[in-house]
1. If packing is taken as the average count of other Cβ atoms within 10 Å, what order do 135-146, 98-109 fall into, highest mean first?
2. Using the eigenvalues of the Cα gyration tensor, what equivalent ellipsoid semi-axes result for the stretch 55-201 when each is taken as the square root of five times the eigenvalue, whole Å, largest first?
3. Please compute the length gained on full extension between residue 334 and residue 106, using 0.36 nm multiplied by the number of residues separating them and subtracting their Cα-Cα distance.
4. Starting from 0 in steps of 5 Å, tell me what percent of the Cα-Cα pairs of the stretch 280-362 lands in each bin.
5. Return the whole-Å distance between the Cα centroid of the stretch 46-122 and the Cα centroid of the stretch 279-307.
6. Each residue of the stretch 333-350 in order: what ³J(HN,Hα) in whole Hz does its phi give by Karplus 6.51 cos²θ - 1.76 cosθ + 1.60, θ = phi - 60°, with x for Gly and Pro?
7. Report the dimensions of the stretch 116-162 along its three principal axes from the alpha-carbon atoms, largest first, rounded to Å.
8. Taking a probe of 1.4 angstrom, what is the accessible area of residue 265 in Å², to the nearest 10?
Amino acid sequence: MAGRDAPAVRPAGETVDLFGLRSLPVVGALLAFGAVYIVVTIGSGLEIRGPANWLGLAAAFVLLAADLAALIRVVGDPFPFRWGVAVVAVMIAGTATAWWSVPTDTFQTLQCLPAAVSGIVVLALLAVRGRLGLAWIGAATMSLSASLWGGFRGPGFVTGLGYTLWVYPVMIFASLFVVMLRPMADRIRTLRDRELGYAASDAAALAAAAERDRQLGRLDRQARPLLEQVADDHEFSRIEVQRARLVEAQLRDGIRAPAWDSARVRAAVWRARERGVSVVLFDDGGLIGDDSVQERLDDALVDELEGLDGGRVTARVLPPGRATRATIVVNVDDASRRYDVTEAGEIVGGAWSRIGDGAAFG
């Protein structure tokens, strides 16, 4: 079947991660960083005795880990703005929670570093994901948060600010990286999308060529002998005329109803027409790609055709987007029955009714 055998082209989906942020090495490095974070936090906090302090440090770790996970897992390029705002907010909350959870009586500078370094990593990744402005806003906000913590908890306003000053050299390098490499990444993405477009066009051309060759092959097998007989002034018998009409009808089916062009449907339609059944087939594309429904429809059509010696059968695949996706209508004398394919792919109907009044026909 042309409708079922054409090569499928996978549509372009999520933006390819050109910087490799979802690669195993990057994920492994972040996991290693998380392990170091835990070791440094525990090692520098051996003198901390308060459960609330440890609960705060644990909550800070969870918040910052969630931030990093979001930065490598959330789809979109540039990074979705709402997600970017949320990442900055969670980073500020995580670092502030870590700093305010350090008790002043056992304070050590090393106890502040894991959260500060995590904040820097979050901001650098946010810049790489295309939200450079948000990253700089996050850096300034983190410095303000550290200054407030230092001013209220003892180390001092300037000392607290100093714990985050080294984020700015990192942000400068990240900014240069983004300014230089993101345009290149955009060009690579454009070229890749163009390549996918060319591949789709080539696949469509190949499918069209295959369908044309198939139709030409069938025309050559079925119509050429008849045309040669016409050219030779052959006198056709009644049986030969009937066969020529059957060939013409089958060729027409292959053009206007490719969904019904399976071997068993063709054979059943041919035999039914030989017995005098009028069979009309249409395909408007509503079942493209849904082979399971089409196969069940083929079964229903073949069963109907095999049991008829007269009447009319109309089978149609409707256009996409309809609530009813396909129909089979059988008319015999003053009775008919109809099969409908619902939007969910279910085949309903099949009961006989009298034409005109809809009464059940047993």
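The values are calculated or read from the model by the stated rules, or taken from the named source; none is laboratory data. Keep in mind it's a predicted model, so treat the numbers as computed, not measured. Note that each Cβ is placed from the backbone with ideal geometry, even for glycine, and that neighbours are counted across all protein chains shown. Quick note on the areas: whole protein, heavy atoms, side chains included, nothing else; ligands and nucleic acids left out. Shrake-Rupley method; radii C 1.70, N 1.55, O 1.52, S 1.80 Å.
1. 135-146, 98-109
2. 36, 15, 10
3. 72.4 nm
4. 3, 15, 26, 24, 17, 11, 4, 0
5. Comparing the Cα centres of the stretch 46-122 and the stretch 279-307, I get a distance of 60 Å.
6. 6, 9, 10, 8, 8, 9, 10, 10, 9, 6, 4, 7, x, 8, 9, 10, x, x
7. Per principal axis, max minus min of the Cα coordinates gives 37, 17, 12 Å.
8. 0
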